[in-house]
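Everything below concerns the one structure shown next.
Just so it is clear, none of the values below were taken in a lab; they were calculated from the coordinates. From a predicted model like this one, the values you see are computed outputs, not experimental measurements. A quick note on method: Cβ atoms are made from the backbone with ideal geometry, for glycine too, and the neighbour counts reach across all protein chains shown.
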Amino acid sequence: VMWVNGLRLDVAELAKVAHEAGAYIIVDAIQQAGALRVEADRLGLDFVAVGSQKWLMAPYGVGALCVSRRAVEELSPPRPGYLSLAVKDWDAFWADPSKTPAGWTQVEEGALKFEYGGTFPPLSLKGLAASASLINELGVERAEEVVLRLRKALVEELEDLRLEVLSPPEARKASGIVLFRVPGGLRENYMAAVRLRSRGVMVSARGAAGVWGIRASVHFPNKEEDVEALGEALRG
C-alpha cells in the first residue's frame with residue numbers, strides 16, 4: 001500500500017516477474033498490516049517487513065520480518081548477528097573470556113537466522129502484544145471489512161462535497177488511506193489540513209512524485225461519525 005494515496009499494488013504480479021528473473025521480492029507492508037490482510041504465501045512474497053507504529057497501532061521501535069519457506073531454504077545471512085547464531089549456551093562464553101562467538105558460523109534454523117541482534121524495547125513489545133491481541137480478537141478479515149466500508153463512506157462524503165479524490169476508485173486497489181484536494185494549490189491544501197487538525201480531525205498534508213493533497217485514513221476503531229465529522233469540518 002502506497003503511503004501517499006493508498007494505492008494497493010498488485011504485488012503478486014511483481015513477485016511473478018521477480019521470480020521469473022531469478023530474484024526475490026521483499027515488500028514493505030507497514031501501511032497494510034493491521035488494517036488489511038497480508039497473504040504472503042498466496043501472493044508469492046519472499047520477505048514481508050512491517051513496523052509497529054502505523055496500522056498495528058503500537059508504539060514506535062518494533063519491526064517484524066516474515067520470510068517464505070523458499071527464502072529460508074535458499075538464503076543465509078552473509079554476516080550473522082549474535083541473535084541468529086545457533087548458540088545454545090551463552091554461559092560458556094561469559095565464563096571463559098578466551099572463548100568468542102566471532103568465528104561461529106552455524107545459524108539458527110528458520111527465519112530466526114535473519115535475526116541480526118540488538119536490544120529489544122520491552123515497552124514497545126508490550127504495546128504491540130496488546131494491539132495484536134485486539135486485532136486478533138476482532139479478526140483480520142473483519143478489520144479489513146470495516147476499513148473498506150468506512151473508506152467507501154469517506155470517498156462518498158468527499159464526492160458529495162465536489163472535492164477531487166486522488167486515491168484509486170477500484171475496490172481491489174483500495175486501502176484505508178484516501179488522498180483528496182480542496183480547491184487551490186499546495187499552500188491552500190496545507191492550510192486546509194492545518195484547519196482540520198485544529199478542529200480535532202486528524203489528517204495530514206502529504207505528497208511525493210507529483211502526487212499531493214490531504215491524506216485521511218480510516219481504521220477499524222473509527223466510526224461513521226468520524227467520517228461525518230470530517231465532512232462537517234470541510235463544510236465549515
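Estimate the FRET efficiency between residue 3 and residue 86 by the formula 1/(1 + (r/R0)^6), using the beta-carbon distance for r and 45 Å for R0, to the nearest 0.05.
My answer for the efficiency is 0.75.
Given bins 10 angstrom wide, list per bin the percent of all Cα-Cα distances in the range 77-195, short to long.
10, 21, 19, 19, 15, 11, 5, 0
For the range 140-235, take N as its residue count and report Rg(C-alpha) divided by 2.2 N^0.38 Å.
1.03
What is the pair-distance distribution P(r) of the range 11-138, computed from all Cα-Cα distances in 10 Å bins starting at 0, with each bin given as a whole percent?
The calculated distribution, bin by bin, is 11, 32, 33, 19, 5, 0.
Evaluate E = 1/(1 + (r/R0)^6) for residue 28 and residue 120, where r is the Cβ-Cβ distance and R0 equals 22 Å; express this FRET efficiency to the nearest 0.05.
Calculated transfer efficiency: 0.60.
Using 0.36 nm per residue, how much length does the chain from residue 232 to residue 170 gain when fully extended, once their Cα-Cα distance is taken away?
19.7 nm
For residue 130, put the label point 7 Å out on the Cα→Cβ axis and report which residues of the range 215-230 keep their amide N under 20 Å from it.
The answer is 219-222, whose backbone nitrogens lie closer than 20 Å to the label point.
Ordered by residue, what ³J(HN,Hα) values in Hz, to whole numbers, does the range 4-19 give under the Karplus form 6.51 cos²θ - 1.76 cosθ + 1.60, where θ = phi - 60° and Gly and Pro are x?
Result, ordered by residue: 8, 10, x, 4, 8, 6, 7, 6, 5, 5, 5, 5, 4, 4, 4, 5 Hz.
As a test of the definition: which semi-axes, in Å, follow for the chain when you take the square root of five times each eigenvalue of its alpha carbon gyration tensor? Largest first, please. Please list the in-between numbers first.
Working: eigenvalues 344, 84, 53 Å².
The answer is 41, 21, 16 Å, longest axis first.
Among the listed pairs 54/152; 152/223; 152/173; 16/113, give every one whose C-alpha distance is greater than 18 Å.
Result: 54/152; 16/113 exceed 18 Å.
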